[in-house]
Amino acid sequence: MIIVMLAGCLPVRAQEDFEKRLTEAKTAFAAQKLDEARFAMQQMMQELDILTGKDVLKILPEKMDTKAANRSKDNVAGASGWAGVIVHREYGMPADTSLYTVEVITNSPLLGMVNQILSMPLLAGANPDQKIIRVGGYKGICNRSTGASGRDEYEVQVPLQSSMITFRAPGIPQDKVIEMANTIKVSEIAKLIQ
């Protein structure tokens with residue numbers, strides 16, 4: 001029932017692909033070809049995740065600080081249900097020495113560990129290079145590392161169940177990185193991908 005309701009929310013071409021995969025799954029299931037039915041369902045879910053990723057790109061900010069989104073580098077790819085579908089956007093031009101990036105990994109069972117770290121205060125506070133923060137009302141981590149230039153660099157990660165938003169802005173101070181990360185509409189992305 002839920003799968004059929006989802007089909008009504010898709011663009012025409014995607015809806016045709018979705019319905020084709022659904023028919024394949026039903027036919028294989030009726031013939032007791034469970035492996036084929038599972039494969040058709042996995043393909044259907046992957047198509048949904050990629051379409052959702054394209055919608056996530058529409059929600060991401062057009063600018064981060066002074067750098068505009070480089071839409072020619074926008075990308076949605078991956079394998080849902082395993083490593084996840086990766087939504088990628090860069091800010092700045094390719095000649096920039098420090099591009100800002102936003103990546104959203106959706107539907108990845110591998111992200112459960114980050115949620116465990118955030119839910120266990122002793123683990124989260126044990127690493128001096130990690131700071132627990134809030135981004136758009138969601139709990140996240142700001143990680144500090146040493147960049148190629150030898151300077152501190154910061155990365156913000158916001159887990160959303162089996163998904164994660166990551167923002168990187170090399171060469172920018174921690175407070176500014178957190179401020180820029182807070183321009184990402186986390187709650188809208190969370191509604192879309194969960």
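The values are calculated or read from the model by the stated rules, or taken from the named source; none is laboratory data. These numbers were taken from a predicted model, which means no experiment stands behind them. Note that we place each Cβ from the backbone using ideal geometry, even for glycine, and neighbour counts take in every protein chain shown. Quick note on the areas: whole protein, heavy atoms, side chains included, nothing else; ligands and nucleic acids left out. Shrake-Rupley method; radii C 1.70, N 1.55, O 1.52, S 1.80 Å.
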What tally of residues in region 170-188 results from selecting those that are at pLDDT 95 or above and open to solvent by less than 40 Å² (accessible area, probe 1.4 Å)? 6
Might you let me know whether region 176-190 holds any residue that is closer than 11 Å to V104 by Cα and assigned to a strand (DSSP E or B)? no
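Go through region 145-165 and count every residue that is touching a residue at least 40 places away in the same chain (Cβ under 8 Å) and either farther than 13 Å from I133 by Cα or open to solvent by 30 Å² or more (accessible area, probe 1.4 Å) (or both). Steps first, answer last, please.
The first filter runs over region 145-165 and keeps only residues touching a residue at least 40 places away in the same chain (Cβ under 8 Å), leaving 157, 159, 161-165.
Those still in the list that are either farther than 13 Å from I133 by Cα or open to solvent by 30 Å² or more (accessible area, probe 1.4 Å) (or both) too: 157, 161-165.
Residues that pass the stated criteria total 6.
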If I2 passes every condition in (1) open to solvent by 50 Å² or more (accessible area, probe 1.4 Å); (2) at pLDDT 75 or above but one, which one does it miss? (2)
Restricted to region 16-70 and to residues being in contact (Cβ under 8 Å) with a residue 40 or more places away in the chain and in contact with a strand residue (DSSP E or B) (Cβ under 6 Å, 6 or more places away or on another chain), the residue most open to solvent (accessible area, probe 1.4 Å) is D49
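Which members of region 138-154 meet the condition of being touching a helix residue (DSSP H, G or I) at 6+ places or on another chain (Cβ under 8 Å) and within 21 Å of T106 (Cα to Cα)?
Looking only at region 138-154, we keep the residues that are touching a helix residue (DSSP H, G or I) at 6+ places or on another chain (Cβ under 8 Å), and these are 138-142, 144, 152, 154.
If the condition is that a residue be touching a helix residue (DSSP H, G or I) at 6+ places or on another chain (Cβ under 8 Å) and within 21 Å of T106 (Cα to Cα), then Y138, K139, G140, I141, C142 are the ones that fit.
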Which of the strands (runs of 3 or more DSSP E) contained wholly in region 75-161 include at least 3 residues that are under 22 Å from I172 (Cβ atoms) and either of a type outside the set (D, E) or at pLDDT 75 or above (or both)? 84-91, 100-106, 130-135, 138-146, 152-160
